[in-house]
1. Identify all residues within segment 1-51 that are among the β-branched types (V, I, T) and more than 21 Å from T172 (Cα to Cα); write none if there are none.
2. Provide a single number: the residues in segment 108-120 that are in contact with a helix residue (DSSP H, G or I) (Cβ under 8 Å, 6 or more places away or on another chain) and in a helix (DSSP H, G or I).
3. Which ones in segment 1-40 are more than 15 Å from S92 (Cβ to Cβ), among the basic types (K, R) and touching a residue at least 24 places away in the same chain (Cβ under 8 Å)?
4. Quickly run through segment 47-70 and pick out the residues that are assigned to a helix (DSSP H, G or I) and not charged (D, E, K, R).
5. Report, by residue number, each residue of segment 121-172 that is touching a residue at least 40 places away in the same chain (Cβ under 8 Å), exposed (fewer than 15 other Cβ atoms within 10 Å of the Cβ) and part of a strand (DSSP E or B).
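The values are calculated or read from the model by the stated rules, or taken from the named source; none is laboratory data. For clarity, every value in this text was computed on a predicted model and none was experimentally measured. FYI the Cβ positions are ideal-geometry reconstructions off the backbone, even for glycines, and counts take in every protein chain you see.
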Amino acid sequence: MQFNVLTALGLRENHYMLDIGCGSLRAGKLLIPYLLPQRYHGVEPQEWLVRQGIEKEIGKDLVALKSPRFAHNFEFDLSSFGRKFDFLVAQSILSHTDVDMTMKCLRSAREVMHERSVFAATYVEGDTNYDGDEAWVYPGCVTYQWDYFKGMVADAGLKAIKMQWDHPGWQTWVASVDPSNDSTSVMLDPANASRLLQHPYVSFGMKVRSWLKGLLSQSYAVVAPPAATVRRVPELRTLAAGAA
């Protein structure tokens, strides 16, 4: 999914890429082979996850060939590589951060972006804005209203564009760009959204999501105890979000 989103946005082998919260290289296992040497950069606070990704997913030979770069910090410090990036991605990262951590990530991303950069990130859109005192909420997710999230992006000096791309965990893809960026990329141009949604991968994913939503909206009879006659199944929603 991440690879498809980024290449649809225009990522090509010569671009410089920053994977925020790269973990065990869930996206990196495709991005590292695709990009030219020294183009992939990953930030991950848990260094052991990256080591596991190299060992289990891509192998040391590919690392030697492609020379990806990694940094390990808990504060969204994206400046340690000393360069700006054409594309950035944060999949299911801002779905777990409070306002302060979200703003820290957005502002740090803005510092390493140029006027044509695209920052693709996901968050969980909801009816309320998270105001808890936990900076990092996991394995649960936090929610933000679209206007509130868009305002945070604007406060970081970027323009947020809601993307027409499905997500198996009910998260919303957002492309954040320089306010002067009038890109006509297929994902940023609403006129092309309907054509994009006809892609077999996307249309199949949307059918599955529609089916799951229907399932979650139904009530089910419970055999025992007799007093509890009807209940919903929110557990499926939690499992689906975690599977992303």
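1. I32, V43, V50 - these are the residues of segment 1-51 that are among the β-branched types (V, I, T) and more than 21 Å from T172 (Cα to Cα).
2. 0
3. K29, R39
4. Our first condition is that a residue be assigned to a helix (DSSP H, G or I); within segment 47-70, this holds for 47-58, 60-66.
Selection gives W48, L49, V50, Q52, G53, I54, I58, L62, V63, A64, L65.
5. Result: W136, single match.
Yes/no per residue for (1) closer than 19 Å to A109 by Cα; (2) over 18 Å from the mean Cα position of the chain (by Cα); (3) at pLDDT 95 or above:
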site: M1; (1), (2), (3): no, no, no
site: A8; (1), (2), (3): no, no, no
site: G28; (1), (2), (3): yes, no, yes
site: Y34; (1), (2), (3): no, yes, yes
site: R39; (1), (2), (3): yes, yes, yes
site: E47; (1), (2), (3): no, yes, yes
site: I54; (1), (2), (3): no, yes, yes
site: D61; (1), (2), (3): no, yes, yes
site: L65; (1), (2), (3): no, yes, yes
